Amino acid sequence: MHQLHGRSPRAQQPALPVIGFLHSQSPDAFRDPLRGFRQGLKEAGYVEGENVAIEYRFADNQMDQLSELAADLVRRRVAVIVTGGGPAPTFAAKSATATIPIMFAAIADDPVKLGLVASLARPGGNVTGTGFLLTELATKRLELLREMVPAITHVEALVNSAEASNTEATLKDLETAARLMGLEITALKASTSGEINAAFAALEAERPGAIFVAPDAFFVTRRVQLALLAMLHRIPVTYAIRPFAEAGGLMSYGASLTDAYRQTGGYTGRILKGAKPADLPVVQASKFELVINASTARMLGLTVPDKLLVAADEVIE
């Protein structure tokens with residue numbers, strides 16, 4: 001007698017594994033990265049709606065909502081929580097569960113210093129993910145800025161005063177780089193939309209040659225405001241990631257957010273297949289891109305040097 005393996009066609013379909021996606025911002029700012037995330041999942045064999053479900057929770061920059069959104073995902077017993085938009089969602093998820101795997105996407109700070117993982121190679125708990133180390137790119141961003149605006153001697157660094165560790169690391173790296181290049185750096189602090197307006201207004205007296213916007217999730221949400229203020233005050237500004245240049249910012253240089261989210265999707269697939277976060281090293285983003293907004297350059301009266309046009313991954317007309 002043969003043993004019959006498998007189910008009868010009428011057997012109950014098993015419920016799809018569910019990914020909880022917790023993000024501090026709104027989906028419109030992260031359309032391309034989300035596409036990258038789904039692409040990475042697909043490469044790992046998971047297609048949303050076919051063999052995996054995704055529950056999205058966006059805080060729309062209301063940081064105080066994050067712990068409730070994280071608790072909601074834990075109550076739904078998701079298989080893994082993916083967090084994006086700065087360290088805050090990861091902290092919220094970590095407070096909500098010590099057992100459900102947590103996968104952070106593209107954190108710009110050092111996750112060891114933040115206390116999210118024990119080490120990059122062996123995270124050790126229920127948290128791992130993809131990192132950026134954006135602050136380490138300060139030198140390269142300053143060099144590119146100087147190529148765009150050769151005459152600069154003074155650069156203001158716009159930092160988020162609410163993110164102390166990130167701010168400290170950014171300013172330290174910037175000051176080291178600026179010293180080598182003979183540039184003067186001063187810090188401009190803002191953590192609300194009103195403070196950003198005030199910071200630009202205060203620059204009327206200072207007239208720096210350019211502004212260096214620190215990598216920060218809050219500034220991403222204010223990218224249109226920053227681009228408009230830069231235009232209004234006719235100041236060249238450099239940013240860390242592509243969405244700023246797309247919103248009208250002069251130039252961005254940094255890791256590709258979309259590619260980092262693709263890596264996160266692939267990693268999430270490994271968790272769904274049974275890998276433990278403790279054993280998955282934190283991966284650093286490996287693809288970097290220079291994006292130049294040529295129409296903004298023209299409005300600021302800048303001529304983009306051929307060297308930069310050739311080096312750019314994308315020139316927005």
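The values are calculated or read from the model by the stated rules, or taken from the named source; none is laboratory data. Being a predicted model, the structure only gives us computed values, none of them experimental. All Cβ positions, glycine included, derive from the backbone under ideal geometry; neighbour counts span all protein chains shown.
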**OP:** Looking for whichever is buried (at least 19 other Cβ atoms within 10 Å of the Cβ), within 21 Å of residue 250 (Cβ to Cβ) and in contact (Cβ under 8 Å) with a residue 24 or more places away in the chain here; the options are 152, 185. Which one fits?
**Re:** 185
**OP:** For segment 281-294, enumerate the residues that are crowded, with 19+ Cβ neighbours inside 10 Å and in a loop (DSSP other than H, G, I, E, B).
**Re:** 282, 285
**OP:** Could you grab the pairs with beta carbons closer than 8 Å, sequence gap of 6+ or different chains, first residue in segment 196-208 and surrounded by 11 or more Cβ atoms within 10 Å (Cβ to Cβ), second one charged (D, E, K, R)?
**Re:** 196/222; 199/189; 203/156; 208/156
Subject >> Verdict on residue 86 being in contact with a Phe, Trp or Tyr (Cβ under 9 Å, 6 or more places away or on another chain) and assigned to a strand (DSSP E or B) >> reply: no
Original post:
Applying the selection to segment 81-100, what residues are surrounded by 24 or more Cβ atoms within 10 Å (Cβ to Cβ) and not hydroxyl-bearing (Ser, Thr, Tyr)?
Top reply: 81, 82, 84, 85, 86, 89, 92, 93
Subject >> Pairs, first hydrophobic (A, V, I, L, M, F, W, C) in segment 158-170, second part of a helix (DSSP H, G or I) and buried (at least 24 other Cβ atoms within 10 Å of the Cβ), C-beta under 7 Å, six or more apart >> reply: 159/170
Original post:
Between residues in segment 40-62 that are more than 18 Å from residue 78 (Cα to Cα) and in contact (Cβ under 8 Å) with a residue 24 or more places away in the chain and residues that are part of a helix (DSSP H, G or I) and of a type in the set (Val, Ile, Thr), which pairs lie under 7 Å by C-beta distance while being six or more apart or on different chains?
Top reply: 40/264; 61/221
**OP:** Could you run through segment 296-306 and say how many residues are surrounded by 11 or more Cβ atoms within 10 Å (Cβ to Cβ) and part of a helix (DSSP H, G or I)?
**Re:** 4
Original post:
What number of residues in segment 25-56 are closer than 28 Å to residue 221 by Cβ and hydroxyl-bearing (Ser, Thr, Tyr)?
Top reply: 2
**OP:** Identify all residues within segment 79-119 that are in contact (Cβ under 8 Å) with a residue 24 or more places away in the chain and among the polar types (S, T, N, Q); write none if there are none.
**Re:** 83, 90, 95, 97, 99
Original post:
Do you know which of the residues in segment 57-112 that are under 19 Å from the mean Cα position of the chain (by Cα) and either more than 26 Å from residue 255 (Cβ to Cβ) or of a type in the set (Val, Ile, Thr) (or both) is modelled with the lowest pLDDT?
Top reply: 107
